[in-house]
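The values are calculated or read from the model by the stated rules, or taken from the named source; none is laboratory data. Note that the structure is predicted; figures quoted are calculated from it, not measured. Here the Cβ is made from the backbone with ideal geometry for all residues, glycine too, and neighbour counts use every protein chain on show. Quick note on the areas: whole protein, heavy atoms, side chains included, nothing else; ligands and nucleic acids left out. Shrake-Rupley method; radii C 1.70, N 1.55, O 1.52, S 1.80 Å.
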Amino acid sequence: MAERVVSSGFATGSKGAEALLDDAVAMALAKLAGPVSGALIAFSPSHLPQPRAALQRLARRLSCLQIRAASFPGVISDHGSALGQAACAVLLFSSPLGLGAHGANTLLWASPQDLDAGELPAEESASMGVVTSKLSWFWQYPQRRHLLRTALLGPLQHQQDISSGISPLTTLFPYFRQEGALLLQLERYSALPLLARSIPFALREARRLPLDQLLVAERDAQSRIRYLHIVATDSNRSGLWLERPLRANSQVFLAWRNPDAALRDTRVILEAVRPRGMPDFAWLSYSSSRAMDCSSQAKNELRLWHEHFPNCPMRGAFAHAELMTGRRSGPELQRFSLVMDLFYRQGT
């Protein structure tokens, strides 16, 4: 059996950030084979005060300078998860694995302030990660950072899969008419009546139009799809108010956040990758909106993970947007999804 060169720890409860950190690190250290070469630390919730002094003490205690920490709306571990509650999740690395500034497998933690018109700036490069909340903080020894980019080092093979959990309601329409953020027409159809006719049977029992589960999908000239919230309806003009105007030269379809499809997507992915064997560790980027709106499905999805990979050290975060490797150059942002990044040691 290969030595455990990655280990995880998790702590939650009515404690301060320092106590949570101590408990989570103690759990992870008990299972690590050798000296610590790197530490990824996540705190929840986003507004939890930064325990800078405790993190600096930890660096001296572990004799390790490669320590990255941040706060998120929620944290995920193979030992449990927390959303909106005080918690700390830790992932410790030992040689030949570790953390650094540059490498092929790059994890990015950013906040909405770092986006440019809702997208990552063109110069940003990463293969995975999250956009968290405005209240989040990032820390890399020995100081706080504006955003955090971390390379996962070592002989690793990376596999990435996405469970979108979104089902289309209409075909793709090549034409639309809008006034600012008010979408009025998709091809020859008025937007609001088209949405009303397309609502799935599972949502028709609702007393009010469940706008929080309905989306407008925008496909741009590069075939990237962005999902937009419908903020309100305009019955006088038969239109839909969106969170922002649709971009020029894009195509549109209506969609809904389908909790059954989300669970099915996750199950299919896990069953497909299980024959390869248990990953050495994993990172999960989970939409906090998806988790809050479909809490039972979120618990079931994480339970599926534990059933398929019960002994895999895992860290992750609930956040505003999820990052994955694009089909073209550069990372792409996703929303309402679960992105799974699995890592396997080569040569073991």
**OP:** Enumerate the calculated ³J(HN,Hα) couplings along the stretch 332-337 in order (Karplus 6.51 cos²θ - 1.76 cosθ + 1.60, θ = phi - 60°), each rounded to whole Hz, writing x wherever the residue is Gly or Pro.
**Re:** 10, 8, 10, 9, 6, 10
Original post:
Hey, rough spin-label estimate for GLN56 and ALA202, points 7 angstrom out along Cα→Cβ, what's it come to in nanometres?
Top reply: 5.1 nm
Original post:
Where only protein heavy atoms count, and the probe is 1.4 Å, what is the accessible area per residue for the chain in Å²?
Top reply: 44 Å²
**OP:** Determine ³J(HN,Hα), in whole Hz, for all residues of the stretch 30-40 in sequence, where each value follows from phi through the Karplus function 6.51 cos²θ - 1.76 cosθ + 1.60 and θ = phi - 60°; x replaces Gly and Pro.
**Re:** 5, 10, 8, 6, x, x, 6, 9, x, 9, 9
Original post:
Using θ = phi - 60° and the Karplus form 6.51 cos²θ - 1.76 cosθ + 1.60, what ³J(HN,Hα) does each residue of the stretch 190-199 get, whole Hz, x for Gly and Pro?
Top reply: 5, 5, 5, x, 5, 5, 4, 6, 9, 4
Original post:
For Rg and Dmax of the Cα atoms in Å, the listed values are (1) 20.9, 62; (2) 18.8, 58; (3) 21.1, 68; which was obtained by calculation from the structure presented?
Top reply: (3)
**OP:** Name the long-range amide H neighbours of PHE173: under 5 Å, sequence gap of 5 or more, or other chain; modelled H, no Pro or chain starts.
**Re:** VAL252, PHE253
Subject >> Antiparallel bridge percentage (DSSP; both residues within the stretch 1-133; nearest 5) >> reply: 70 percent
**OP:** Calculate what fraction, in whole %, of the accessible area of the chain sits on carbon and sulfur atoms when a 1.4 Å probe is rolled over the protein chains.
**Re:** 50 percent
Original post:
Where does each of 74-85, 274-285 land if you order them by average Cβ count within 10 Å, highest first?
Top reply: 74-85, 274-285
**OP:** Please determine, in degrees from 0 to 90 and to the nearest 10, the orientation of helix 52-62 with respect to the longest principal axis defined by the Cα atoms of the chain, where the helix direction is its Cα long axis.
**Re:** 50 degrees
Original post:
In nanometres, what is the gap between the two model label sites at GLU123 and ASP234, each 7 Å from Cα along Cα-to-Cβ?
Top reply: 3.8 nm
